[in-house]
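In what follows, a structure is listed as structure tokens, so that the remarks can point back to it.
The values are calculated or read from the model by the stated rules, or taken from the named source; none is laboratory data. All figures in this text were calculated on a predicted structure; none of them were measured in a lab. Ideal geometry is used to build each Cβ from the backbone, glycine not excepted, and the neighbour counts take in all protein chains shown.
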Amino acid sequence: MDISEEILNLKSVTFSPADLAVYYAAGHSEPWRHASHLDLINEAILLAFNGGIQRVAAFLPPRYGKSHLISRYTPAWWLGLRPDARVVMTSFSHTRATDWSKDARDVLNTVGPKLFGVRTRLGTGKGKEDNWGVESFNESGEYVRREGGMLAGGIRTGISGVGADLLIVDDPIADWADAYSETFQRTNWDWWKGTATNRLEPGGVVLYIQTRWCQEDLAGKILSLAEDQPDQFPWLVIRFPEWAEVDEVTPVSIVGGANNVTKELIDWVDEKNAEKRFHRMKGDLLWPERWNLRAVKERKAKSCEGGELEWQAIHQQDPQPGSGLVFNPSFFQVVPTVPVDALRVRYWDLACTKGTGGDWTVGVAMSYSPEEQAFYIEDVIRGQWSPGEVEKNIALASQMDGYQVAIRVEEEGGASGKILIGVFARMLSDYDFAGRRAKGPKIGRWRRMVGAMERGNMYLVEGAWNQMFIRELTTLPGGKNDDQADAAAGAYAELIDMDRLSPHVEVV
């Protein structure tokens, strides 16, 4: 049994999660990618392990190694050194949290006996990967059960009734739909206040890692509250933009808990910010060995299809004011006329709801001018109609638009959707008609249109419908109705496809 006394000396531990990653990877043909941003996170984990801070938050772009370090190697390392500790792992889904729990278990099982004299044992839960314990080698040469172990669960589920000496929150938000949903924001916040923080044992540590989405995401709310609570725990915040837009010499800061900030913590932060290895000058990339300039430019171009705010939040970790709204009021430019030479489509989002209180049937007429490289929302028709009235109004609108305007109707899933499209195809057989399946989450479809708005390439033609259209879109994603946004996004996607366009994005 090869157990290093130096490693097991908890008072002066220098062996780190990154060291464990290097050791494990060397024996398994899994090279550990070294990077200065991971070095800083690794040193912050050591600081927390030794009692220098109890709350650490790290914000990085996707695919920059943060989860491998914190969610895979840190739990194995923590339990190897403290086999009586309880580690709770959470993520946006139970499956994701369990995957990291399995990885941590496999690492500890593989190298734990040699490095720490510790191995895993199965938990009492229904799964073998989301709930497991540890046992250590005693002086008699036998493994004995210890109090520690790991429990994994999705956000808002799976961790009640269990204490946590280490709570890991790894990307609690899955996508744009969750990030901008007021309901999801509220339930996430309730989970954090009512479940997550109540699981912490005295002296418990929180390692929180996330890609930022908007100012109203869970991380934003946690840090905003911390700023107003001088008697609570301070947060050590590490922020790494993907592409330095200014000279960056202070990647780490302290947020909140002013009355509990120690001189040792201040000195540690000042020391790290003074180290040149963590400095970047304007234009420097975060991890050029993995993401070179060409790759980052491609990521920026792709991100900016959904608007500049998306790039600032997800890749730069700097969500801007208003980024919690999908459609900003400043996006809407009203013009009196539209170019004659343009591609045109009217896209219908159907509801078939008679009366008030439900969804609306909406038909958005949009055009694209190749000469001006601009989109024009020409007209919006909406109503809460019965199925018969829907057919009648679509037929009437088609006659008024003329044969030069393509007609598209969103096709719902299942046999009923195909049958309905067949009805319209027969009714509109003289027109350019087709059904269209919506692709991807609706908030993603909206944001592609937002990109054109932000670049000043989309206009509203003056009409009585303008005010209602703008009012509905600027309340999203929390507004009562989103039918006009869905229809407009469908029309935009159709025009892109009709002319095989790629939205123009200038990357500098």
For segment 459-476, state whether one or more residues are crowded, with 18+ Cβ neighbours inside 10 Å and more than 28 Å from PRO336 (Cα to Cα).
no
Looking only at segment 233-257, and only at residues there that are surrounded by fewer than 16 Cβ atoms within 10 Å (Cβ to Cβ) and not charged (D, E, K, R), the one that is modelled with the lowest pLDDT:
VAL249
Restricting attention to segment 436-447, the residues that are at pLDDT 85 or above, among the charged types (D, E, K, R) and either part of a helix (DSSP H, G or I) or in contact with a Cys (Cβ under 7 Å, 6 or more places away or on another chain) (or both) number exactly 1
Taking segment 258-315 and keeping only residues that are crowded, with 19+ Cβ neighbours inside 10 Å, over 25 Å from the mean Cα position of the chain (by Cα) and under 25 Å from ASP228 (Cα atoms), one is left with TRP268, VAL269
Could you give me the residue pairs with C-beta distances under 8 Å whose first residue belongs to segment 31-44 and is in the same structural domain as ILE70 (by TED's automatic domain parsing), whose second residue is surrounded by fewer than 17 Cβ atoms within 10 Å (Cβ to Cβ) and of a type in the set (Phe, Trp, Tyr) wherever it lies, and which are 6+ apart or on separate chains?
none
Out of TYR403, TYR368, which single residue is in the same structural domain as ALA485 (by TED's automatic domain parsing), in contact with a Leu (Cβ under 6 Å, 6 or more places away or on another chain) and of a type outside the set (Val, Ile, Thr)?
TYR368
Enumerate the pairs (first residue in segment 1-28 and under 14 Å from TRP78 (Cβ atoms) and modelled with pLDDT of 60 or more; second residue anywhere and polar (S, T, N, Q) and part of a helix (DSSP H, G or I)) with beta-carbon separation below 8 Å, excluding pairs fewer than 6 apart on the same chain, so at least 6 apart or on different chains.
SER16/ASN42; PRO17/ASN42; PRO17/THR74; ALA18/ASN42
Name every residue in segment 354-391 that is within 16 Å of GLU410 (Cα to Cα) and part of a loop (DSSP other than H, G, I, E, B), in order of residue number.
ASP359, TRP360
Among residues of segment 351-373 being modelled with pLDDT of 95 or more and of a type in the set (A, V, I, L, M), the residue farthest from VAL461 (Cα to Cα) is VAL362
Residue in segment 316-350 that is surrounded by the most Cβ atoms within 10 Å (Cβ to Cβ), counting only those that are modelled with pLDDT of 85 or more, in a loop (DSSP other than H, G, I, E, B) and aliphatic (A, V, I, L, M):
LEU350
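For (1) at pLDDT below 95; (2) β-branched (Val, Ile, Thr); (3) not in a strand (DSSP E or B), each residue gets a yes or a no:
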residue: VAL111; (1), (2), (3): yes, yes, yes
residue: LYS114; (1), (2), (3): yes, no, yes
residue: ARG121; (1), (2), (3): yes, no, no
residue: LYS128; (1), (2), (3): yes, no, yes
residue: GLY133; (1), (2), (3): yes, no, no
residue: SER136; (1), (2), (3): yes, no, no
residue: ARG145; (1), (2), (3): yes, no, no
residue: THR157; (1), (2), (3): yes, yes, yes
residue: VAL162; (1), (2), (3): yes, yes, yes
Which numbered condition ARG448 fails, given (1) within 25 Å of GLU372 (Cα to Cα); (2) over 26 Å from the mean Cα position of the chain (by Cα):
(2)
Return yes when TYR73 is among the hydroxyl-bearing types (Ser, Thr, Tyr), part of a loop (DSSP other than H, G, I, E, B) and in contact (Cβ under 8 Å) with a residue 12 or more places away in the chain and no when it is not.
no
